[in-house]
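Here's the structure, in structure tokens; my notes come after.
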Amino acid sequence: MTTEPIRAGVIGWPVGHSRSPRIHGHWLGELGINGIYDRFAVPPDRIDAFLAEFEKSGLKGANVTIPYKENAFRALDVVHPAAKALGAANTLWLEDGMLHGDNTDGAGFIANLDQNITEFSELSGSALVLGAGGAARAVIHALKERGFGPIHVANRTVAKAEAIAESFGGEILPMEWNNEAIQRIISDPTLSLLVHTTSLGMKGQPPLELGISGLDPRVVVTDLIYAPLETDLIKQAKQQGNPAVGGLGMLIHQAVPGFERWFGARPVPDEALTGLLVADLEKS
Ligand code: ATR
């Protein structure tokens, strides 16, 4: 007797760049699960209908990537807490005919730091987040839940940092994207964490050009970028002795809850998967 494979996938437009099939495919093989994880490129005029009729897709669940995380949020029957806080869903699953959704970006961000930075779980105090886009929202929400505060948020468009402060409340302090102001926070002795979330320094994008020599050596530095694997910011941080971690681990960890929901086993991110993704990134 043959049983049908469990199906899941990633929905986006475009979706060819997504690393998710590589991640889930690796875990399916490693855990010996009869499952399939595909890419679904859904054009903008079809996405809302696709999500509204998700049951008909034959999928047990899906990841949702750019630019559809807000569409996914609006299509949910059951909204889980992080998705509710962010107004965006990246992980969907069917349960008793109802479409459930959550956002795992913030949990993935924290899990990456917990795995790579000794005693990160005991860290608190103030944080500086550079950027105020979708990824920054997830990071700021997760940091707030972990008890960080105040959280300074510097963004080129300061209104976006202000909107985050308004929607989350608490100690979120928007600020101008201005070197002098940023340097003041960098050399603040109460700072414990520096997070970079913009596209500056990404392969093919302009450089970040941020001096961090004013950081206390115990400040943890992290960059959400994973291509290149080590940005100039991470290289600089390591050179001057700050604990530092790049973005590849966040990409891997944000995938864990979806895999567990769809395929019924919780994968453990390991060196084998990191090696596979590093090899892919080096080729592209
Ligand atoms: P993501 O989902 O990865 O967060 P996004 O929502 O498009 O992507 O956010 C991109 C972030 O990079 C924003 O903070 C953006 O600043 P603006 O809100 O002012 O657009 C930031 N960013 C992109 N290009 C930038 C640049 N040249 N200088 C400064 N910030 C930049």
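Values quoted throughout were computed directly from the atomic coordinates according to the rules given, and no laboratory measurement underlies them. Remember, it's a predicted structure, so these values are computed and weren't measured experimentally. Cβ: placed from backbone, ideal geometry, glycine included. Neighbour counts: every protein chain shown.
General observations
- When the alpha carbon coordinates of the chain are projected onto the principal axes, the ranges are 64, 39, 36 Å, largest first.
- Of LYS84/LYS235; LYS69/LYS160; LYS160/LYS235; LYS69/LYS283, those spanning more than 24 Å from alpha-carbon to alpha-carbon: LYS84/LYS235; LYS160/LYS235; LYS69/LYS283
- Once you reduce segment 51-106 and segment 120-153 to the center of their Cα atoms, the two points are 24 Å from each other.
- Per residue, the average separation of C-alpha pairs within less than 8 Å and at least 6 apart gives the chain a relative contact order of 15 percent.
- Here the gap between ALA279 and GLN239, fully extended at 0.36 nm per residue and compared with their Cα-Cα distance, gives a gain of 12.0 nm.
- Once the chain from GLU95 to GLU145 is taken as fully extended at 0.36 nm per residue, the excess over their C-alpha distance is 15.3 nm.
- Note on the chain: GNM, Cα springs under 10 Å; of ALA85, ALA49, ALA227, the largest mean-square fluctuation is that of ALA49.
- Helix-only CD estimate at 222 nm, as mean residue ellipticity for the chain, using -39500 (n - 2.57) per DSSP H run (n ≥ 4): -11000 deg cm²/dmol
- Shown here for segment 48-80: GluC sites (Glu not before Pro) in loop regions (DSSP other than H, G, I, E, B) with at most 16 other Cβ atoms within 10 Å, namely GLU53.
- GLU180-GLU119 FRET efficiency (beta carbon distance; Förster radius 22 Å; 0.05 resolution): 0.10
- With the largest listed first and rounded to whole Å, the semi-axes of the equivalent ellipsoid of segment 183-284 from the Cα gyration tensor are 29, 17, 12.
- Sites ILE36 and SER167, calculated FRET efficiency, Cβ-Cβ separation with R0 35 Å, nearest 0.05: 0.40
- Restriction of the trypsin sites (Lys or Arg not before Pro) in segment 195-284 to DSSP coil positions whose beta-carbon has at most 14 other beta-carbons within 10 angstrom yields LYS203, ARG218.
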